[in-house]
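The values are calculated or read from the model by the stated rules, or taken from the named source; none is laboratory data. Everything numeric in this text was worked out from a predicted model, so none of it was measured. Every residue, glycine as well, gets a Cβ built from its backbone with ideal geometry; the counts of neighbours run over all protein chains shown. Heavy atoms of the whole protein, side chains included, go into the accessibility calculation; ligands, DNA and RNA do not. Shrake-Rupley method; radii C 1.70, N 1.55, O 1.52, S 1.80 Å.
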Amino acid sequence: DASRTNVYCEDPTAVYAMANASPESIWAYEIGSKNRFLDSTVQANLTAFLYQYDNLQILDRADSTTFVQNASRAQVRGIEFEGIWEPIDDLSLSVVYGYLNSRYLDYFGFNFATGEFEDFSGNQMIRAPKHTATLAAEYLWDLGENGSVIPRIQYTVSDYIYFNAANNPDSREPAFGILQLRARWESLDDGIFIESFIENVTDEDVRSTRSVGTSLLARPITVAYQPPRIWGIRVGASY
């Protein structure tokens, strides 16, 4: 429910009333192609898409409360590419790339960082990086009756994002990259596996959320981060 008063109002007699959020609708257009080459050792898949929104629902968090506002019109254009190459038996190299051009075409809404209504038309959508990519390499060692070992290395990169529709500099999260390492042993019948892993190998500090606090405390900015470096072992069985 987005029907709230202005949480930053210093004068209780002067409030901003936010109407209930309207239903969101979308026209989605997609076209794609899936291809295999060189005796199926190379795969190349490409998708292009266009999303046109009416009354796009946008969530914002302030003073421990979630608010929903509508952007009257918004548009996302983009492409996605997936490539897989197997240069030798049991070795797989892959790349996934995405490009987004996301914009609010018509959006007049409330900026919780300033406590004012503003025009966000033309701004980049929140949490919508222009470029993303994932590079990965995986190899399968066949141990015969002893099962198989599959090591994997993966690196994911993301362009900068904004946490608010105003695209304020302090709401911008810089581009970042996350490295992951995994090694998995599987029994011959795939009934048992043991997997070791390290997530966020380089221990990058990446913000995952950003919200604005109450005006009683000068509107402090509160953030949360993605998990730091994590390592562990997983054991599983199926029957």
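Strictly greater than 25 Å: what percent of every Cα pair in segment 85-201 meets that?
Values: 3244 of 6786 pairs.
Considering segment 85-201, 48 percent of its Cα-Cα pairs are separated by more than 25 Å.
In µm²/s, what is D for segment 21-127 at 10 °C and 1.306 mPa s, where D = kT/(6 pi eta Rh) by Stokes-Einstein and Rh is the Kirkwood radius from Cα pairs? Before the final figure, lay out each step's value.
Numbers: Rh = 16.6 Å.
D, rounded to a whole number, is 96 µm²/s.
Here the accessible area of segment 113-239 is 58 percent carbon and sulfur, with a 1.4 angstrom probe and all protein chains present. In plain terms, the chain is cut at each of the GluC sites (Glu not before Pro) found in a DSSP loop with at most 14 other Cβ atoms within 10 Å, and the longest leftover piece is 11-203. The Stokes-Einstein estimate for the chain, based on a Kirkwood radius over Cα pairs and taken at 20 °C with 1.002 mPa s viscosity, is a diffusion coefficient of 100 µm²/s.
Give the residues of segment 111-131 whose amide nitrogen is closer than 18 Å to a point set 7 Å from the Cα of residue 101 in the direction of its Cβ. Answer for this model: 121-126, 128-131.
So which chymotrypsin sites (Phe, Trp or Tyr not before Pro) in segment 108-215 pass both tests, a DSSP loop state and at most 13 other Cβ atoms within 10 Å of the Cβ?
Working: sites: 108, 110, 112, 117, 120, 139, 141, 155, 160, 162, 163, 176, 185, 193, 197; in loops: 112, 120, 160, 163.
Those that pass, being in a loop and sparsely packed, are 160.
All other residues whose Cβ lies under 12 angstrom from that of residue 142 are scored, Lys and Arg at +1 and Asp and Glu at -1, for a net of -4. In a fully extended conformation the segment linking residue 226 and residue 94 would gain 45.1 nm over its present Cα-Cα distance, using 0.36 nm per residue.
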